[in-house]
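Written out below as structure tokens is the structure these notes cover.
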Amino acid sequence: MASMQPLSSIIELMRHLQVPLFGKMEPADLAAIVPFFHRRHFASNQLIFSKGDKADELYILLSGRMKISVLAPDGRELAFRAVEPGHLIGEIAILDGGARTADMTSVCESETLALGKTSLARLMADRPAISRALIQLLCQRLRETTEQLESIALYRIEARLARFLLALQSSSKTEEVSLLMSQTELGAILGASRSKVNAALHNLEEMAAIRRRGSRLACNAEKLLAISQDMP
């Protein structure tokens, strides 16, 4: 199903959000892929897909926030990625033909652009630049996963939190970021309990690395960077 949105407005939106997949794509390739997108809206706390589901779409988040997580047999949740606007989601199962590797849930009311599996396969066959862009994106994902595992294994909770906030700040391109998740959800991402996350937030405030105003955090990037290197 092709999008009814004018091509120019969707292209401009992708550029505004700095979607990594399309950042270096030639205008002709970008114009070729845009008509195959369609908009999808999700309510707060809506499960979009579950681990093991058949994959038929990938998504670009336009607004809101998503979390990628898995459930342990005892019911514990491991949230290993928080998705911000401009990020691509659900590409792995689309590309390898396998099942979804995790659950995806909307943290708040969210809007996406969706691209079907068949449309993507056709575009990749016709436009090699799209395949190259996807390879680069997957390599970036692997680097991010490696860094997250390293952070959990080697760094104190304050350093892990500082790294998370720096990444959030880099994504939003602003000094102040929105932390639209509970401390429990943040702890799942950082590999720590809610109480340790709460204590770490307090410690970062004491060190003047952040200032909290509800769900908004004003971040001092220089101090967060120094803290992010702090090992036990």
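Name the residue that is surrounded by the fewest Cβ atoms within 10 Å (Cβ to Cβ), counting only residues in the stretch 72-91 that are among the charged types (D, E, K, R) and touching a helix residue (DSSP H, G or I) at 6+ places or on another chain (Cβ under 9 Å). The selected residue is ARG76.
Which residues, counting only those in the stretch 92-113, are surrounded by fewer than 20 Cβ atoms within 10 Å (Cβ to Cβ) and not β-branched (Val, Ile, Thr)? The answer is LEU95, ASP96, GLY97, GLY98, ALA99, ARG100, ASP103, CYS108, GLU109, GLU111.
The set of residues in the stretch 158-209 being among the hydrophobic types (A, V, I, L, M, F, W, C), within 16 Å of ALA226 (Cβ to Cβ) and in contact with a Leu (Cβ under 8 Å, 6 or more places away or on another chain) consists of LEU161, ALA162, PHE164, LEU165, LEU166, ALA200, LEU204, ALA209. Residues in the stretch 57-78 that are assigned to a strand (DSSP E or B), farther than 17 Å from SER178 by Cβ and among the hydrophobic types (A, V, I, L, M, F, W, C): LEU58, ILE60, ILE68, VAL70, LEU71, LEU78. Name the single residue that is nearest to the chain's Cα centre (by Cα) among those in the stretch 192-210 being closer than 15 Å to LEU165 by Cα and part of a loop (DSSP other than H, G, I, E, B). Checked the stretch 192-210; the qualifying residue nearest to the chain's Cα centre (by Cα) is ALA209.
Here is the figure for the stretch 92-112: residues that are in contact with a helix residue (DSSP H, G or I) (Cβ under 7 Å, 6 or more places away or on another chain) and either in a strand (DSSP E or B) or among the polar types (S, T, N, Q) (or both) total 2.
Within the stretch 176-186, is even one residue in a loop (DSSP other than H, G, I, E, B) and among the polar types (S, T, N, Q)? For the stretch 176-186, residues in a loop (DSSP other than H, G, I, E, B) and among the polar types (S, T, N, Q): present. Based on this model, can you work out whether GLY64 counts as modelled with pLDDT of 85 or more, assigned by TED's automatic domain parsing to the domain that holds SER131 and farther than 18 Å from GLN169 by Cα? So GLY64 does not fit the description; no. Just one residue in the set LEU58, LEU88, LEU78 is modelled with pLDDT under 85 and outside the structural domain of LEU190 (by TED's automatic domain parsing); that residue is LEU78. Beta carbons closer than 9 Å, at least 6 apart along the sequence or on distinct chains, pair a first residue in the stretch 117-140 that is without any contact (Cβ under 8 Å) to a residue 40 or more places away in the chain and at negative phi with a second that is of a type in the set (S, T, N, Q) and part of a helix (DSSP H, G or I) for MET124/SER131; ALA125/SER131.
The values are calculated or read from the model by the stated rules, or taken from the named source; none is laboratory data. Small disclaimer: the values here were computed from a predicted structure and weren't measured. Here Cβ is always computed from backbone atoms with ideal geometry, including for glycine, and neighbour counts include all displayed protein chains.
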